[in-house]
Amino acid sequence: MDKKNTTLGEFIIENQSSFQYSSGELSKLINAIRLAAKVVNHEVNKAGLIDILGGVGDTNIQGEDQQKLDVLANDKFIQTLKNREIVCGIASEEEDDFISVNSNDEKHQNKYIVLIDPLDGSSNIDVNVSVGTIFSIYRRVTDIGTPVTLKDFLQPGINQVAAGYIVYGTSTMLVYTTGDGVNGFTLNPAIGTFYLSHPNMEFPETGTIYSVNEGNYIHFPQGVKDYIKYCQREEEDRPYTSRYIGSLVSDFHRNMIKGGIYLYPKSSVASNGKLRLLYECNPMAFLAEQANGKASNGYKRILEIQPTELHERVPFFCGSRKMVEKAEEFMAAQA
Ligand code: AHG
Ligand code: MN
Ligand code: MN
C-alpha cells in the first residue's frame, strides 16, 4: 500500500504488535486521543466566529455556557479518556490535582496514565495563530486495580511509553511517537480522517533558526545571552533567522522540519523558566530524541530529571542536536 494513503487508524493497528507488552490498550488510548483531537480541532476552527456564535460567559443555542477554549479542550480530552475507560489516571495543566479514573472499581485493569497540555499557546487563539495540544503517556508504577497516586505521575520522562502533539495550524496535524521514531498525520477535514503525511520525521542535525522570546533578554543568564549573540554573529552560516510564534507546539514543529533550536531559559524573574516539565517539556523531549534531536535544561537531559511536583517548571533547550549542544557549551562556560 502507498504509505501516504495510510490512515492513522490503519497505522495504529499495523504497529500495535511492535509495542512491548502489547495488549491493544495503548492503541485504544491513541485512538481516543485522535477522536478528542478532532473535536477540539472543530472548536478551535470556530474561534474566529466567537462574536457570531457567542463568547465566554454567553449561553449558546443549546443552552450551554460558552467556555474558554483551553477549558473546553481540557474537558473534551478528559471526557473522551474517561468515557472510553482506557486510562487509570489523568493529569492536566488545567487541573490543580491529578484525576483518578474509576478508582473504586476493583475490576478496573487499566495500566496507563495520561498527562496533557490541552491547549498550548492559548494566547494565540484570539489572533488566529496556530495552537496545539500536547500529550504524554506512562505505564502506572503502583498496582493495577488500586487508585493511582502522585507517584504514578512523578516519573522521569525516560519512562514515557508514548507522547505527541496536535498542531491546529494551516492544516491540523497529529504527530506522535511510541518510542520507535516519530510520525506525522494530516487531517483531511472534509472527511475527518488523519493520513500519514510525514513518516519518520527527523530534526536536521543542525539548522539556522533560533526561537526564543528575546523580549526577556535582559533577564536571561549570561550563558543564554552569549549564545543569542553567537546566533546573531556574522560567521559561517550565521546570523541565524529568528522565529518565535509563542506556541511551543508550532515552534517545535517548524524547527523539526526546517532545523532549529527552541529556548525557554530561566531568568532573573522566573527561576525555572515558564514551561512545565510534565505537560510540555517531557513529551517534547521524547519526540525530539526520537526524531534525532536533543532536549536539555541547559546542562542535562530533560528526560532524566526526577519530577518532584505535578506543575513544576524547567528551563528548556530543544531542537537540532548540534545547536542544543552549542547552547549547552555556552551555558557550561558560565556555570
Ligand atoms: P500555554 O498556552 O499552555 O500556557 O503555553 C504557552 C507557552 C508555550 O506554548 C509558549 O512557547 C510559551 O508559553 C510562550 O511564552 P512567552 O509568552 O513567555 O514567550
Ligand atoms: Mn503550554
Ligand atoms: Mn495550555
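Summary of values
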{"item": "Of the criteria (1) over 14 Å from the mean Cα position of the chain (by Cα); (2) closer than 26 Å to Thr308 by Cβ; (3) of a type outside the set (Phe, Trp, Tyr), which one Gln109 fails", "result": "(2)"}
{"item": "Long-range neighbours under 6 Å by Cβ, at least six apart or interchain, first residue open to solvent by 40 Å² or more (accessible area, probe 1.4 Å) within the range 183-199, second at pLDDT below 95", "result": "Pro199/Lys3"}
{"item": "Search result, residues across the range 239-264 that are surrounded by fewer than 24 Cβ atoms within 10 Å (Cβ to Cβ) and either among the basic types (Lys, Arg) or within 15 Å of Met323 (Cα to Cα) (or both)", "result": "Pro239, Tyr240, Thr241, Ser242, Arg243, Arg254, Ile257, Lys258, Gly259"}
{"item": "Among (1) crowded, with 20+ Cβ neighbours inside 10 Å; (2) outside any strand (DSSP E or B), the one test that Leu119 misses", "result": "(2)"}
{"item": "The range 119-155, subset of a type in the set (D, E, K, R) and away from ligand 2 (no atom under 12 Å from the Cβ), residue farthest from Gly24 (Cα to Cα)", "result": "Asp126"}
{"item": "Which listed residue is crowded, with 16+ Cβ neighbours inside 10 Å and more than 16 Å from ligand 1 (Cβ to nearest atom), from Ala285, Ala291", "result": "Ala291"}
{"item": "Pairs with Cβ under 6 Å, 6+ apart, first in the range 80-100 and β-branched (Val, Ile, Thr) and part of a loop (DSSP other than H, G, I, E, B), second open to solvent by 40 Å² or more (accessible area, probe 1.4 Å) and away from ligand 1 (no atom under 16 Å from the Cβ)", "result": "Ile86/Lys28"}
{"item": "Number of the exception - Thr178 against (1) under 21 Å from the mean Cα position of the chain (by Cα); (2) open to solvent by less than 30 Å² (accessible area, probe 1.4 Å); (3) not hydrophobic (A, V, I, L, M, F, W, C)", "result": "(2)"}
{"item": "Strands (runs of 3 or more DSSP E) contained in the range 260-331 and holding at least 2 residues touching a residue at least 40 places away in the same chain (Cβ under 8 Å)", "result": "260-264, 316-319"}
{"item": "Single match in Ile158, Ile166, Ile116 (criterion: within 16 Å of ligand 2 (Cβ to nearest atom), within 20 Å of Leu26 (Cβ to Cβ), touching an Asp or Glu at 6+ places or on another chain (Cβ under 8 Å) and assigned by TED's automatic domain parsing to the domain that holds Leu26)", "result": "Ile116"}
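The values are calculated or read from the model by the stated rules, or taken from the named source; none is laboratory data. Since this is a predicted model, take the numbers as computed values, not measurements. Cβ: placed from backbone, ideal geometry, glycine included. Neighbour counts: every protein chain shown. Accessible surface areas use protein heavy atoms only, side chains included; no ligands, DNA or RNA. Shrake-Rupley method; radii C 1.70, N 1.55, O 1.52, S 1.80 Å.
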